[in-house]
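Some notes on the structure that comes next.
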Amino acid sequence: MSISGTSPESASTADLIATSLRSDMMQGRLEDGQPLRQDDIAARFGVSKIPVREALFQLKAEGLVLFFPNRGATVAELSPAEADETFIMRVALETAVLRRAIPHLTIANLAQAEKILVVMDQEKNVARWGELNWEFHATLYNPAKLPRLMEWVKTLHINVARYLVIYLAGMDRQRVSQNQHREILKACRRGNVEAAIAHLAHHLESTSNNIVNFLARRKP
């Protein structure tokens with residue numbers, strides 16, 4: 001057993017369950033407010049409720065699951081105000097990370113980022129497109145070597161990614177996003193920190209406006 005009282009096997013199983021449930025949320029198979037009954041999930045994966053509970057707490061930390069007294073866990077619903085606040089944090093953190101990363105970007109980093117964009121151009125599965133979107137940004141951010149800050153950035157990204165996936169279901173919207181990605185990458189290649197920061201901020205702020213409006217229209 002580990003210090004926390006969780007066995008490595010249980011932790012590994014919990015990670016697998018969390019990954020599967022997260023994917024279900026991203027692809028709309030689990031909807032906002034839907035109950036997440038531990039008995040049902042345990043039966044689905046053929047495990048005890050211990051790793052299920054660990055997986056749900058992991059998703060709670062990512063903002064994807066809520067716990068209510070006497071009701072258990074449900075899929076979290078993001079309000080327009082919460083989405084707006086999330087993107088305010090993303091702009092602040094991601095521009096800071098990219099500013100630190102640009103001087104350390106290598107030819108290999110830039111080539112990998114371009115390769116991801118090429119794959120995204122052809123990707124029709126919006127859930128996979130969302131995963132690639134994170135990979136693109138992370139490729140540019142990782143050279144900053146700010147692992148704790150990156151954990152926060154990734155958590156904020158995951159928190160809104162399912163709504164981004166829904167919003168980007170139209171290929172025109174994906175093309176706009178891809179054009180913005182390429183402007184960011186172009187500035188990174190030139191080593192133009194201020195231009196890259198400006199393009200990234202515009203990209204996140206325009207995405208924020210679109211998602212906030214999208215969520216507001218979904219309200220009854």
Cα gyration tensor, the range 93-178 - rounded (a/c under 1.5), prolate or oblate:
oblate
So how tilted is helix 193-218 from the main axis of the chain? Cα-based, degrees 0 to 90, rounded to 10.
40 degrees
Within the accessible area of the range 45-172 (1.4 Å probe), percent carbon and sulfur
59 percent
The extension gain from S20 to D121, computed as 0.36 nm times the residue separation minus the Cα-Cα distance, is 33.8 nm
Could you do me a favour and compute the accessible area per residue for the chain, 1.4 Å probe, result in Å²?
53 Å²
Taking Cα pairs under 8 Å and at least six residues apart, what relative contact order does the range 26-179 come out at, in percent?
28 percent
Under 5 Å between amide hydrogens, which residues at least 5 positions from L36 or on another chain qualify, with H placed 1.01 Å from N in the peptide plane?
A73, T74, V75
Taking a ≥ b ≥ c as the square roots of the Cα gyration tensor eigenvalues, with a/c under 1.5 meaning rounded and otherwise prolate when a/b beats b/c, else oblate, which class fits the chain?
prolate
For V65, the residues 5 or more places away or on another chain with a placed amide H closer than 5 Å to its own amide H are K60, A76
Explain nothing, just compute: Karplus ³J(HN,Hα) = 6.51 cos²θ - 1.76 cosθ + 1.60, θ = phi - 60°, for every residue of the range 80-85 in order, whole Hz, x for Gly and Pro.
x, 5, 5, 5, 4, 5
If you line up the long axis of helix 49-61 against the longest principal axis of the chain, both from Cα atoms, how many degrees apart are they, to the nearest 10?
30 degrees
In whole Hz and in residue order, list the ³J(HN,Hα) couplings for the range 100-109 that follow from phi through the Karplus curve 6.51 cos²θ - 1.76 cosθ + 1.60, θ = phi - 60°; x for Gly and Pro.
6, 7, 3, x, 9, 5, 9, 4, 5, 4
So how strong a dipole does the chain carry about its Cα centre when Lys and Arg Cβ are +1 and Asp and Glu Cβ are -1, to the nearest 20 debye?
240 debye
Could you give the angle, 0 to 90 degrees to the nearest 10, between helix 147-167's Cα long axis and the longest principal axis of the Cα atoms of the chain?
80 degrees
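The values are calculated or read from the model by the stated rules, or taken from the named source; none is laboratory data. No experiment lies behind these values; they were computed from the predicted model shown. Cβ sites come from the backbone with ideal geometry, for glycine too, and all protein chains shown count toward neighbours. Note: accessible area is taken over every heavy atom of the protein model, side chains too, but ligands, DNA and RNA are not part of it. Shrake-Rupley method; radii C 1.70, N 1.55, O 1.52, S 1.80 Å.
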